[in-house]
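The values are calculated or read from the model by the stated rules, or taken from the named source; none is laboratory data. The structure displayed is predicted, hence computed values, not measured ones. Every residue, glycine as well, gets a Cβ built from its backbone with ideal geometry; the counts of neighbours run over all protein chains shown. These area figures cover heavy atoms from the full protein model, side chains too; ligands, DNA and RNA do not enter into them. Shrake-Rupley method; radii C 1.70, N 1.55, O 1.52, S 1.80 Å.
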Amino acid sequence: MSFRQQVEIAGVTLRNPILTASGTFGFGKEYAQFYPLDRLGGICTKGLTLQPRLGNPMPRIAESYGGILNSVGLQNPGIEQYLRTDDLWLKEQDTVVVANIAGSTLEDYVAMGERINDSHADMVELNISCPNVKAGGMAFGVLPESVERVTRAVKDVCRKPIITKLSPNVSCIADNARAAEQGGADAVSLINTLAAMAVDVRTRRPVLANNHGGLSGPCVKPIALKMVWDCYNAVSVPIIGLGGITSYTDVLEFLICGATAVQIGTHNFTYPTAAADIARDLETYLRDSDTDIRDLIGSLILN
Amino acid sequence: MALKDYAAQVLSNRPVAQDIYEMTLRVPELPQIAGAQFVNILLPTREHVLRRPFCICDCDRDAETVTVCYAVVGAGTRILSEIPSGQTLRAMLPLGNGYAPAAGSRIALVGGGMGSAVLPAVARCNPQCAFDAWIGFSDASKVVLEERLRSLCDSVTVTTDNGSAGRRGFVTDALDEALSNARYDAVFACGPEIMYRSLAKVAARHGVPAYVSLEQRMGCGIGACLVCNCKVKRNGEQGYARVCKDGPVFALEEIVL
């Protein structure tokens, strides 16, 4: 009897490896109308900042073949509002809560890392890879030195396990994974969205008001898989894989390439019950094949 | 738990005017629907990962059906228009806040072009209110929903920009005239932003509260992804509201046009 679907990341046990990706799931309340969130391994919150942020002008979303572009720009009610209205509710949902935090300056990240100590979140995901904000965000996510610096700065003040979320819009993502590990990250998650553009041929203008945005959805999955594999071979901390997952077989691919857990993002928009359905299907697969999920992680056999 | 993603069967999907279609879906165990709520429909093509939001044009509790009325404006609606009867589509509904005026109210319904598609459901879902409707289109080839509204409203006035059907001129001008002669408790309108600008003046001139339904490109359709905002002013402060969850119906005076 070797069936097992639980995974552990930085001492936190997830009942299954399925999390929801930041920015696609709000603070969980909307999707809790469709299914109880305890069916998930965990949820990553909408990116939080010190002050409320209005985000970018509309339109903020465009569709492309097998994917979407977004340029929300980190609209959120701010950490204080989150602590008042969402933190306790999320704790009561009996699933692992990963608070996604972002900032414009190093000081912002440090202040957020301190303030999030007062939340019930189980882990913190450092958003240094958002392509949609002018200051900060991805500015910290490009060069390995700054990835290391911001990770260490937050790690120094934050008592919760830190997941550094990596951008694919870099020359070598494995270098950045190493830098995050060097800075003390307990895990890395990848990939955030790919910098992208969509054009309206009638107006000759970009569809997004922000001109460019981040691409996600099934079309990015092969890129994400390669990057997860590259990072798996570069670091020893756990990897949380994301990018275009739409089925339990997609999850298996990420696990085989070295992910310990995965996040479901864009697919929540296509099917509101997607994350719970994938968790159910994965469980069925693992049970029927009597598989211990840990035996899958990084089991890729190269040709 | 209150929301569901339904497997809805297409009962009919037919053209009713030039490039305009009506699709009726059978939704098993159809939930209670409020006027001006919407349905988020998944296209059967896998490359389209975003659903398409459509206002619910009409519904029938007994037959467990909802009808949407849509114009073919892009690739998505083109695909939708080619779906045969019998096919099953994923449909999330009912979404949005909806519009439910107080019982006994007399309401002026105003539609601009395809915005008219939301009006029948508003009348259908509020049988304890009285309705008159004004619907405006660019020309006679685009006129839809007149008959459906006639069965639900005390009167229906059609306008076209070029006078090829009904009265010539803008629908808001016809409304302006009517408001001079009769009292309404509120105006409910759906149409393009330019119509709302005119409506704001008309409603203010006659001292009638106006409510409008907005549209915006959407992601999740349930308030989680924050892509479909509109600008609103509340308590003297400007901010964003989510069209899908806080709307699509807003008081016209709170919207920043």
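Some values worked out for this structure:
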{"quantity": "Test: residue in segment A:9-19 that is assigned to a loop (DSSP other than H, G, I, E, B), crowded, with 23+ Cβ neighbours inside 10 Å, on the phi > 0 side of the Ramachandran plot and not hydrophobic (A, V, I, L, M, F, W, C)", "calculated": "no"}
{"quantity": "Per-region count, segment A:31-56, residues within 11 Å of chain B (Cβ to nearest Cβ) and small (Gly, Ala, Ser)", "calculated": "3"}
{"quantity": "Residues within segment B:214-238 that are farther than 22 Å from residue B:90 by Cα, more than 7 Å from every other protein chain (Cβ to nearest Cβ) and either part of a strand (DSSP E or B) or at pLDDT 95 or above (or both), tallied", "calculated": "8"}
{"quantity": "Among (1) touching a residue at least 40 places away in the same chain (Cβ under 8 Å); (2) of a type in the set (Phe, Trp, Tyr); (3) in contact with a Leu (Cβ under 7 Å, 6 or more places away or on another chain), the one test that residue B:131 misses", "calculated": "(1)"}
{"quantity": "Checking residue B:205 against (1) in a loop (DSSP other than H, G, I, E, B); (2) in contact (Cβ under 8 Å) with a residue 12 or more places away in the chain; (3) over 18 Å from the mean Cα position of the chain (by Cα), the condition it does not meet", "calculated": "(1)"}
{"quantity": "Per-region count, segment A:269-299, residues more than 26 Å from residue A:66 (Cα to Cα) and open to solvent by 60 Å² or more (accessible area, probe 1.4 Å)", "calculated": "6"}
{"quantity": "Segment A:222-237 - residue that is open to solvent by less than 30 Å² (accessible area, probe 1.4 Å) and under 17 Å from the mean Cα position of the chain (by Cα) and, of those, nearest to residue A:268 (Cα to Cα)", "calculated": "A:224"}
{"quantity": "Some residue of segment A:184-201 being surrounded by fewer than 24 Cβ atoms within 10 Å (Cβ to Cβ), under 21 Å from residue A:121 (Cα atoms) and without any contact (Cβ under 8 Å) to a residue 60 or more places away in the chain", "calculated": "yes"}
{"quantity": "Number of the condition not met by residue B:71 [criteria: (1) within 14 Å of chain A (Cβ to nearest Cβ); (2) among the small types (Gly, Ala, Ser); (3) touching an Asp or Glu at 6+ places or on another chain (Cβ under 9 Å)]", "calculated": "(1)"}
{"quantity": "Condition met for residue A:28 (modelled with pLDDT of 95 or more, within 14 Å of another protein chain (Cβ to nearest Cβ), in a loop (DSSP other than H, G, I, E, B) and open to solvent by 10 Å² or more (accessible area, probe 1.4 Å))", "calculated": "no"}
{"quantity": "Members of segment B:208-257 that are aromatic (Phe, Trp, Tyr) and touching a residue at least 40 places away in the same chain (Cβ under 8 Å)", "calculated": "B:211"}
{"quantity": "Residue check for residue A:69: modelled with pLDDT under 95 and within 14 Å of another protein chain (Cβ to nearest Cβ)", "calculated": "no"}
{"quantity": "Any hit, segment A:247-263, residues being open to solvent by 30 Å² or more (accessible area, probe 1.4 Å), within 14 Å of chain B (Cβ to nearest Cβ) and small (Gly, Ala, Ser)", "calculated": "yes"}
{"quantity": "Search result, residues across segment A:35-47 that are open to solvent by less than 20 Å² (accessible area, probe 1.4 Å) and touching a strand residue (DSSP E or B) at 6+ places or on another chain (Cβ under 9 Å)", "calculated": "A:37, A:40, A:41, A:42, A:43, A:44, A:45, A:46, A:47"}
{"quantity": "Verdict on residue A:153 being open to solvent by 10 Å² or more (accessible area, probe 1.4 Å) and in contact with a Leu (Cβ under 8 Å, 6 or more places away or on another chain)", "calculated": "yes"}
{"quantity": "Answer residue from segment B:189-213, given it is among the hydrophobic types (A, V, I, L, M, F, W, C) and in contact with a strand residue (DSSP E or B) (Cβ under 6 Å, 6 or more places away or on another chain) and is nearest to the other protein chains (Cβ to nearest Cβ) among those", "calculated": "B:212"}
{"quantity": "Long-range neighbours under 7 Å by Cβ, at least six apart or interchain, first residue within 14 Å of chain A (Cβ to nearest Cβ) within segment B:83-109, second among the charged types (D, E, K, R) and assigned to a strand (DSSP E or B)", "calculated": "B:90/B:5; B:92/B:5"}
{"quantity": "Test set (1) among the charged types (D, E, K, R); (2) within 14 Å of chain A (Cβ to nearest Cβ); (3) not in a strand (DSSP E or B) - residue B:183 fails condition number", "calculated": "(2)"}
{"quantity": "Per-region count, segment A:141-199, residues β-branched (Val, Ile, Thr), touching a strand residue (DSSP E or B) at 6+ places or on another chain (Cβ under 8 Å) and either under 21 Å from residue A:99 (Cβ atoms) or part of a loop (DSSP other than H, G, I, E, B) (or both)", "calculated": "10"}
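Table: residues versus (1) crowded, with 22+ Cβ neighbours inside 10 Å; (2) farther than 19 Å from residue B:111 by Cα.
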{"site": "B:186", "(1), (2)": "no, no"}
{"site": "B:194", "(1), (2)": "no, no"}
{"site": "B:200", "(1), (2)": "no, no"}
{"site": "B:206", "(1), (2)": "no, no"}
{"site": "B:212", "(1), (2)": "yes, no"}
{"site": "B:221", "(1), (2)": "yes, yes"}
{"site": "B:230", "(1), (2)": "no, yes"}
